[in-house]
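Working notes for the structure below.
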Amino acid sequence: MSRRVPRSRAARGPALAVALCAALTAPLAVTAPAASTGQYSVTALRFTVEAGGRTCAVDADLYRPAGVDRAHPAPAVVATNGFGGSKSDGSTDAIGKAFAERGYVSLVYSGLGFGKSGCLISLDDPAIDGTAAARLVDFLGGKRAADDGTRADFVTLDRPGDPRVGMIGGSYGGAIQLATAAVDHRVDALVPLITWNDLAYSLDPNNASSTVPGAFKWQWTNGFYLIGEGQPLTEPNLDPSRINSLACLHFVTKACATMRLLNSGSYRPGPTAEMLAYAHSVSPRSYLSRVKAPTLLIQGQADTLFNLNEATATYKTLKAQGTPTKMIWQSWGHSGGITDPASGELDLAQGNLETSYVGRRILAWFDRYLHRQNTDTGPAFAYYRDWITDPARTYATAAQLPSLDRTFYLSGDGKLVDNRSKVVRGSRTYTNHLIPTSHSESSLAGIAGLPDPGPYDTAGTYLAWTGAPLTRTTDVVGSPRATLRVVSPAAARAQRSGDAADRLVLFAKLYDIAPDGSRTLVHRLIAPVRVPDVTKSFTVTLPGIVHRYEKGHRLRFVIAASDDAYFGNQGIKPVTVVSAPGDTGVLELPVLGG
């Protein structure tokens, strides 16, 4: 009998929700800013907006630098919270403080459905969240007052009603910037940190296809959902505009329908098409063509929620359409380091904009596009190197993204070889169990301070190909790619059912094997795959990494039958991989210096 939803997994959701809240509300810092030093004043404001067919309030704080008035205006910076947070959490008000101290008018607000703001949680939908944010731009441009009559007549204007305004924030507070810029071209500069390009990929990833749904990322996603639905636990006496129905308390109805489908374990054609269409509609991938504001993308290398491929996809789209765009891969993301940035890394709670590489790049971005100074905004691409100990030298830069320039082949004897002629003819088989037998991470363990065992795979449920010891240090920067062909009669029969959930699922990953045999799965990143058609070859794009393989270490490529952070196969599906010199799997790596 095929296996549907593992109930024990769904039941773990409530235990994860509290930890996830801490993760998502602190994308930039977790220490609350110090009390005002007299450099600025803070005024609490309320705005009534129309959003998604509802009238609701937006709760905001206006930070006004000393000396800024109608005769001496200043550009503005807008920010909102990560998922589950508010204008008052440690990261959001830290932004208000940091930029007010540097002479910017700062407006920070609680996103729709969070804090004391009303309306339903609509996943940064440009038609809802973006439109609400545009009403705040109206305020900064002098086109409307706050509910108490307060007006902002001290913001630099490009023309009547058009303020000089930038946006910054992380995670949920990152996507809102792109959503706002898509509906309001008055926004002049964006700095989205650790956010998504496509929620369908983020929460139900398929690294081999954009049309076939992937492997449900149940830990992260159920945590999101439970935080949203559990709002009364953190905000008693909710505004009535935040209540939807008994079946879907605080999200928009389509978001709840998406969660029910993902947890059902079934991907029937009609509901699945609706789910994908909705996920795309609230994702930047569907509206980036309308984003014209210069955008500095900052993404975390340690991030299993929104990995580097998300920012890369956004970067390529914006760049191709002529939107001024640059990208930085910093060290921390949702999966570690979020509450404790490495030495020299950006931490707004510490006010280290001028002393961190990423902070200086942000200041330069706003100098260029908000102050209109002829400031150098830096190279097109920069990335953090964790093998460098000097904080002043951890970032390397490049004019463009590295290309795939090193090729390895999957030999029938389990070796990863650098020449097709070295491939040994042979075949090997693995099979899946009805419970997960591989582990990459417990998505929320590090955030919650809980132990998390190292990555492992159970014998008989995975295949590995291991290379020879490297003869020189090898730096991989970018997204590896594998082209595979597998044989699975059981999967071939199952995929004819019409339910995409019956297609074969596997998980690809790349290890670093030290001379002593110890293994490193870089940032615990893996590539979930629901094979589009098991009778054909398919290409897997692995999550982007920045990693140094030291001389003497070995590369190991693995495909596993399962992973306990994801929903996997329905039923038992043995898999065989056949290798021959003229027909075998290929692994390509973006290696610096070839």
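No value in this document is a laboratory result; all are computed from the given coordinates. Note that this is a predicted model, so its numbers are computed, not measured. In this analysis, Cβ positions are derived from the backbone assuming ideal geometry, glycine residues included, and neighbour counts consider all displayed protein chains.
Gain on full extension, evaluated as 0.36 nm per residue between Asn237 and Arg46 minus their Cα-Cα distance, stands at 67.1 nm. Looking at segment 34-93, the pairs of alpha carbons with a distance over 14 Å make up 68% of the total. Roughly how many whole Å is it from the C-alpha centroid of segment 113-162 to that of segment 53-86? Comparing the Cα centres of segment 113-162 and segment 53-86, I get a distance of 8 Å. Considering helices alone, the calculated mean residue ellipticity of the chain at 222 nm is -6500 deg cm²/dmol, with DSSP H runs of length four and up weighted by -39500 (n - 2.57) and normalised per residue.
Return the loop-located trypsin sites (Lys or Arg not before Pro) in segment 493-575 (DSSP other than H, G, I, E, B) with at most 16 other Cβ atoms within 10 Å of their own Cβ; answer none if there are none. Hits after loop and neighbour filter: Lys536, Lys551. A Förster radius of 25 Å, combined with the Cβ-Cβ distance separating Ser88 from His371, puts the computed FRET efficiency at roughly 0.30.
Say the dipole of the chain comes from +1 at the beta carbon of Lys and Arg and -1 at that of Asp and Glu; which of Ser440, Phe557, Leu450 then lies farthest toward its positive end? Value: Phe557. Going by neighbour counts of Cβ atoms within 10 Å, the residues Asp418, Asp138 line up, fewest first, as Asp418, Asp138. What is the calculated FRET efficiency for Ala71 to Ile435, with r their C-beta to C-beta distance and R₀ = 51 Å, to the nearest 0.05? Result of the calculation: an efficiency of 0.15. Taking the DSSP bridge list for the chain and keeping only pairs wholly inside it, about 70 percent are antiparallel.
Computed over neighbours whose Cβ is under 15 Å from that of Tyr456, the net charge equals -1, Lys and Arg +1, Asp and Glu -1. The chymotrypsin sites (Phe, Trp or Tyr not before Pro) of segment 357-465 that meet both conditions, a loop assignment by DSSP and at most 15 other Cβ atoms within 10 Å of the site Cβ, are Trp387. Other residues within the sphere of radius under 10 Å centred on the Cβ of Trp196, judged by their own Cβ, net out at -2 (K and R +1, D and E -1). Take the Cα of Asp390, step 7 Å toward its Cβ, do the same at Ser264, and the gap between the two points is 5.9 nm.
What separates the Cα centres of segment 394-417 and segment 264-294 is a distance of 31 Å. Calculated from the alpha-carbon coordinates, segment 506-578 shows an Rg and a Dmax of 14.1, 42 Å respectively. Going 7 Å from the Cα of Ala399 toward and past its Cβ, which residues in segment 457-497 have a backbone nitrogen under 18 Å from where you end up? Output list for this probe position: empty.
Assuming a ≥ b ≥ c are the square roots of the Cα gyration tensor eigenvalues, decide whether segment 110-261 counts as rounded (a/c under 1.5), prolate (otherwise, with a/b larger than b/c) or oblate. Because a/c hits 1.5 or more and a/b fails to exceed b/c, segment 110-261 counts as oblate. For the chain, take the longest principal axis of its alpha carbons; what is the angle in degrees between that and the long axis of helix 131-140, to the nearest 10 within 0 to 90? On a 0 to 90 degree scale, this one is about 40. Each label point was placed 7 Å from the Cα along the Cα-to-Cβ direction; for Thr539 and Asp516 their separation is 4.0 nm. What's the angle, to the nearest 10 degrees (0 to 90), between helix 13-24's Cα axis and the longest principal axis of the chain? Between the helix axis and the principal axis of the chain, the angle is about 60 degrees.
For volume of the Cα convex hull per residue in Å³, the value computed from the atomic coordinates appears in the list (1) 177; (2) 145; (3) 158 under label (2). A straight chain from Thr473 to Tyr456 at 0.36 nm per residue would run longer than the Cα-Cα distance by 3.6 nm. Tell me, what does the Kirkwood hydrodynamic radius of segment 406-589 come to in angstroms if you use every pair of distinct C-alpha atoms? Roughly 16.9 Å, rounded to one decimal.
Axis of helix 357-369 versus longest Cα principal axis of the chain: the two differ by about 50°, to the nearest ten degrees. Note on segment 347-492: along the principal axes its Cα atoms extend 63, 43, 34 Å, ordered by decreasing extent. Remark: for residue pairs Lys326/Lys509; Lys143/Lys292; Lys319/Lys415; Lys316/Lys509; Lys254/Lys536, the C-alpha separation exceeds 30 Å in Lys319/Lys415; Lys254/Lys536. A Förster radius of 56 Å, combined with the Cβ-Cβ distance separating Asp148 from Thr483, puts the computed FRET efficiency at roughly 0.35.
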